[in-house]
Amino acid sequence: MESNPVLVEVFRGPVVESRHRGAIAVYDGDGRRVFSLGDIERSTFPRSAVKSIQALPLVESGAADAFGFDDADLAMACASHSGEEEHVARAQSMLKKAGLDASVLECGSHWPFQQPVLIKLAQSGKTPTPLHNNCSGKHAGFLATCMHCGMETKGYVALGSDIQDMVRDAMVDVTGAVHDIDHCGTDGCSIPTYAIPLSNIAHGFARMATGTGLGENRAKAAQRLIHACMTESFYVAGTRRACTELMRMAPGRIFVKTGAEGVFCGAVPELGLGFALKCDDGATRASEAMVASLLSRMFHKDAELSAKLAAFASPGMKNWNGIPFGSVAPVEVFRNAVIG
């Protein structure tokens, strides 16, 4: 198996200190490959990057409307949030609307990943609950669907549960990829996760944005979820998080969602394109540079926005005394690509 190309370099002074390899796929709704780098057919766990597809049953079943979920609730159902006070309150509110409380969550607890949020929680003398789990909004959505459809809530995270079968079937339909036990693992929040090619994931997100090839109900649900995430981007991630910042750069024009181990997926609705990428070593600094650089090239006709995205893709680095010492930078072949 050939190695994926180097897509991001890290400089200390004028010298490259580290290199990050990866793969990128961009597709349109009809399944046409528009751009790619690296091995996009290699099986990849998309992890949390596909939460918007996993949230389809929440909308399609009528659960979202039955419980009065608004755009912020739907964005939370697609989120990997930072555990900020607003996120915790929103997850709790979603459960309450469905007649539930946090005791039914099976996602587990963890301290917030963002250091300022973690410190604030620790200083309050509190410890994290399942509501602080970055996936609590997604799980609230699963549970709301269970309640509306009369499905068992206990054990809802398990492989073979009614809700996880619904989620898997939605993933299969949208991406066109086989989701079988030989490519199934357990995600950090305990639900099943399946490794599939980046090509299928990118095509799936193009279909989510355009509705191409999806049934009428599914297409409307997909576009509603994408719209909610772009409208309420804070609830998708949080303060100074890449997903939130990138969507805020171009309101209503960019949908992007990260997943663990260096994955990003998303869509540019106005171009009818979806994308998926994976940084081989799972480094966040590199995957964020990759996705911002990719978006910069996708918006090459909008010089101002393209420049903002390119700047986000090449952040400078400073030491503990605030002295600049280097930068993260996408490689030239990537920076100069023309996409869309």
Checked Asp30, Asp65, Asp39, Asp71 against criteria (among the acidic types (Asp, Glu) and closer than 25 Å to Thr186 by Cβ); the one match is Asp39
The condition of being out of contact with any Gly (no Cβ under 7 Å at 6 or more places or on another chain), closer than 17 Å to Pro57 by Cα, open to solvent by 30 Å² or more (accessible area, probe 1.4 Å) and of a type in the set (A, V, I, L, M, F, W, C) holds, among Ala170, Ala158, Ala221, Ala144, only for Ala158
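Right, His139: surrounded by 18 or more Cβ atoms within 10 Å (Cβ to Cβ), under 24 Å from Ala66 (Cβ atoms) and over 22 Å from the mean Cα position of the chain (by Cα) or not?
no
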Determine, yes or no, whether Phe325 is more than 13 Å from Ala23 (Cα to Cα) and exposed (fewer than 14 other Cβ atoms within 10 Å of the Cβ). yes
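What tally of residues in the range 33-64 results from selecting those that are part of a loop (DSSP other than H, G, I, E, B) and under 24 Å from Asp280 (Cα atoms)?
Summing the residues that are part of a loop (DSSP other than H, G, I, E, B) and under 24 Å from Asp280 (Cα atoms) in the range 33-64 gives 7.
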Within the bounds of the range 205-212, is there any residue that is of a type in the set (Lys, Arg), surrounded by 19 or more Cβ atoms within 10 Å (Cβ to Cβ), touching a Gly at 6+ places or on another chain (Cβ under 7 Å) and at negative phi? yes
Kindly evaluate Glu86 against the criterion of being within 20 Å of the chain's Cα centre (by Cα), in a loop (DSSP other than H, G, I, E, B) and surrounded by fewer than 24 Cβ atoms within 10 Å (Cβ to Cβ). no
Taking the range 12-26 and the residues there that are out of contact with any helix residue (DSSP H, G or I) (no Cβ under 7 Å at 6 or more places or on another chain) and not β-branched (Val, Ile, Thr), the one that is most open to solvent (accessible area, probe 1.4 Å) would be Arg19
Filtering the range 328-339 for residues that are within 11 Å of Leu294 (Cα to Cα) and open to solvent by less than 60 Å² (accessible area, probe 1.4 Å) leaves a count of 4
With (1) more than 11 Å from the chain's Cα centre (by Cα); (2) among the hydrophobic types (A, V, I, L, M, F, W, C); (3) surrounded by fewer than 19 Cβ atoms within 10 Å (Cβ to Cβ) as the list, and Leu273 as the residue in question, which single condition is left unmet? (3)
When residues of the range 292-322 are limited to those that are touching a Pro at 6+ places or on another chain (Cβ under 9 Å) and open to solvent by 60 Å² or more (accessible area, probe 1.4 Å), the one nearest to Arg19 (Cα to Cα): Gly316
Step by step: first the residues of the range 44-77, then only those that are of a type outside the set (Phe, Trp, Tyr) and touching a strand residue (DSSP E or B) at 6+ places or on another chain (Cβ under 7 Å), then the one that is surrounded by the fewest Cβ atoms within 10 Å (Cβ to Cβ). Which residue is that? Arg47
Which of the residues spanning the range 27-43 are open to solvent by 30 Å² or more (accessible area, probe 1.4 Å) and among the acidic types (Asp, Glu)? Asp30, Asp39, Glu41
For Gly238, are the conditions met, namely being open to solvent by 10 Å² or more (accessible area, probe 1.4 Å), of a type in the set (Gly, Ala, Ser) and farther than 19 Å from Phe35 by Cα? no
Can you name the helices (runs of 4 or more DSSP H) wholly within the range 113-222 that have at least 2 residues being among the hydroxyl-bearing types (Ser, Thr, Tyr)? 136-149, 198-210
Say whether the condition of being more than 17 Å from the chain's Cα centre (by Cα), open to solvent by 50 Å² or more (accessible area, probe 1.4 Å) and within 30 Å of Tyr27 (Cβ to Cβ) is met by at least one residue in the range 116-123. no
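The values are calculated or read from the model by the stated rules, or taken from the named source; none is laboratory data. Everything numeric here is computed off the predicted structure, so don't read it as measured data. With ideal geometry, Cβ positions are generated from the backbone for all residues, glycine too; neighbour counts draw on all protein chains shown. Heavy atoms of the whole protein, side chains included, go into the accessibility calculation; ligands, DNA and RNA do not. Shrake-Rupley method; radii C 1.70, N 1.55, O 1.52, S 1.80 Å.
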